[in-house]
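Following: one structure in structure tokens, then a few remarks.
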Amino acid sequence: MKQIYLDNASTTPVRAEVIETMLPYFTEEFGNPSSIYPLGQTASDAVAEARASLAALINASPKEIYFTSGGSEADNWAIKGFARANRSKGNHLITSAIEHYAVLHTCQALEKEGFEVTYLPVNSDGLVDPEEFRAAIRPDTILASIMFANNEIGTIEPIGELAAIAHEAGVAFHTDAVQAFGHEPIDVAELGINMMSVSGHKLNGPKGVGMLYIRKGIKVANLIDGGQQERGRRATTENVPGIVGLARAAELAYAESDDVRERQIAIRDHAIDRILAEIPHARLNGSATARLSNNINISFEFIEGEGMLLQLAAKGICVSSGSACTSGSLDPSHVLLAIGLPHEIAHGSLRMTLGRDTTLEEVDYAIDCLKQTLSNLRMMSPLYEDYKNGNVASLIDQEKAAKASA
Ligand SMILES: *Cc1c(COP(=O)(O)O)cnc(C)c1O
């Protein structure tokens, strides 16, 4: 069966060029970068080159790049490490309600250590309001962590503006840029970012490798103690193949990101227009404009996300839903609830995220299948039956009517 992979915010395939770059470091160049003989030095040079290349891509210095095991570790390290190292300056952190769990659960863990955390609400597009952010800053606030772009609804936050507000108040600024790095241009100096998390497998690089940018002068306690790797700040023998793979994937991604973005936006907007025009009781989640080029997130009323996903999976279409049932929880996505969706609408949500070579034909085929699936599911839905009998209203249609008359 033909497979159509539209879940690139979840993970991406590793590019052939990236594998080719990585391969020698598993075999003939397997040395430990800490060893002084040539085999070790070759590996050490490869890590140094990757570090320099990644630094250049974000306008940082190589000394400010630290390799990690992925985005989650980078988020944990930035937030826990900074909070613990700067506790004498204050006890309060600010984040947003729509962060990835790598940030949210890290903040919750810090609350157990006695830190106080403000979880900023977002507006209906998923945007943090800079003025609300300013108002949340207290004299004891030490760190703010606001994601660059959201992994579920694709909303891109006003990072430069938020970082400037943080700095005016002497607050350090971290951003989880896992979904944005390799896709959106990022200049950490211009944007005023103090720490930034990145992951390899969201940009056609390998899983299990990521990086944390830590601006010079920012104090962060170690998360992993041991040897002197990463200038004594993160122990464990370097994941040399992963590191060179991450750098190669990022170089390739940025070399073509303008072209990819333009192509994806055309497909994305075509898909959104088609779905909203052809499927009744549907709404777009996230900002229409401040949005990642590869993200489509739509809620369908009178639909249960789980059933929709299963039927689409049976047709070879790999997508994800705003219902978290698959991950063992019955609650709908915290992101969809934070943008104000009622539970029943958040449950019937679909996320399609395009890859660098996703075609219009693939997306059109997926939408054809989606239409079929939704009409089957609605035919069997008692809720839809109620709606057709005039017993319940369509909340999405009411929202549209309210917007139209406003
Ligand atoms: C995927 C993701 C992470 C976690 O990255 P891993 O490398 O899988 O640990 C963190 N934040 C965001 C926004 C993500 O999309």
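The values are calculated or read from the model by the stated rules, or taken from the named source; none is laboratory data. All of these numbers come straight from a predicted model, not from anything done at the bench. Methodologically, a virtual Cβ is constructed for each residue, glycine included, from the backbone with ideal geometry; neighbour enumeration extends over all protein chains shown. For the accessible areas, the whole protein counts, side chains as well, though only heavy atoms, and no ligand, DNA or RNA atoms are used. Shrake-Rupley method; radii C 1.70, N 1.55, O 1.52, S 1.80 Å.
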Legend entry - Condition check for Leu191: within 16 Å of the ligand (Cβ to nearest atom) and either at pLDDT below 95 or open to solvent by less than 60 Å² (accessible area, probe 1.4 Å) (or both): no
Legend entry - Cβ pairs under 7 Å, 6+ apart, first in the stretch 245-259 and open to solvent by 50 Å² or more (accessible area, probe 1.4 Å), second at pLDDT 95 or above: Arg248/Glu17; Arg248/Val18; Arg248/Thr21; Glu251/Ser53
Inset, instruction - Output yes when any residue across the stretch 364-376 is open to solvent by less than 70 Å² (accessible area, probe 1.4 Å), in contact (Cβ under 8 Å) with a residue 24 or more places away in the chain and outside any helix (DSSP H, G or I), and no when none is. - result: no
Inset, instruction - Considering every residue within the stretch 11-21, establish whether at least one is in contact with a Cys (Cβ under 7 Å, 6 or more places away or on another chain) and within 16 Å of the ligand (Cβ to nearest atom). - result: no
Inset, instruction - Could you tell me which numbered condition Leu341 fails, if it satisfies all but one of (1) in a helix (DSSP H, G or I); (2) closer than 30 Å to Leu203 by Cβ; (3) not basic (Lys, Arg)? - result: (1)
Inset, instruction - Find all pairs meeting these conditions: Cβ atoms under 8 angstrom apart; at least six residues apart or on different chains; first residue within the stretch 69-91 and in a loop (DSSP other than H, G, I, E, B); second residue surrounded by 24 or more Cβ atoms within 10 Å (Cβ to Cβ). - result: Ser69/Val209; Ser69/Gly210; Gly70/Ser199; Gly70/Gly200; Gly70/Val209; Gly70/Gly210; Asn86/Leu143; Asn86/Ala172
Inset, instruction - Select from the stretch 66-97 the residues that are under 20 Å from Val171 (Cβ atoms) and within 10 Å of the ligand (Cβ to nearest atom) and list them in ascending order. - result: Ala74, Asp75, Asn76
Legend entry - Among (1) assigned to a loop (DSSP other than H, G, I, E, B); (2) hydrophobic (A, V, I, L, M, F, W, C); (3) open to solvent by less than 50 Å² (accessible area, probe 1.4 Å), the one test that Ala393 misses: (3)
Inset, instruction - Being free of Cβ contacts under 8 Å to residues at least 24 places away in the same chain, in a helix (DSSP H, G or I), open to solvent by 40 Å² or more (accessible area, probe 1.4 Å) and not hydroxyl-bearing (Ser, Thr, Tyr) is the filter here, so list the residues in the stretch 25-68 that pass it. - result: Pro38, Leu39, Gln41, Asp45, Ala48, Ala52, Ala56, Pro62
Legend entry - Which listed residue, of Ile156, Ile224, Ile186, Ile214, is surrounded by fewer than 24 Cβ atoms within 10 Å (Cβ to Cβ) and over 22 Å from Leu354 (Cβ atoms): Ile224
Legend entry - Filter result (outside any helix (DSSP H, G or I) and either on the phi < 0 side of the Ramachandran plot or modelled with pLDDT under 95 (or both)) within the stretch 228-269: Gln228, Arg233, Arg234, Ala235, Thr237, Glu238, Asn239, Glu256
Inset, instruction - Look at Leu104 and say whether it is part of a helix (DSSP H, G or I), within 14 Å of the ligand (Cβ to nearest atom) and either more than 14 Å from Ala78 (Cα to Cα) or modelled with pLDDT of 95 or more (or both). - result: yes
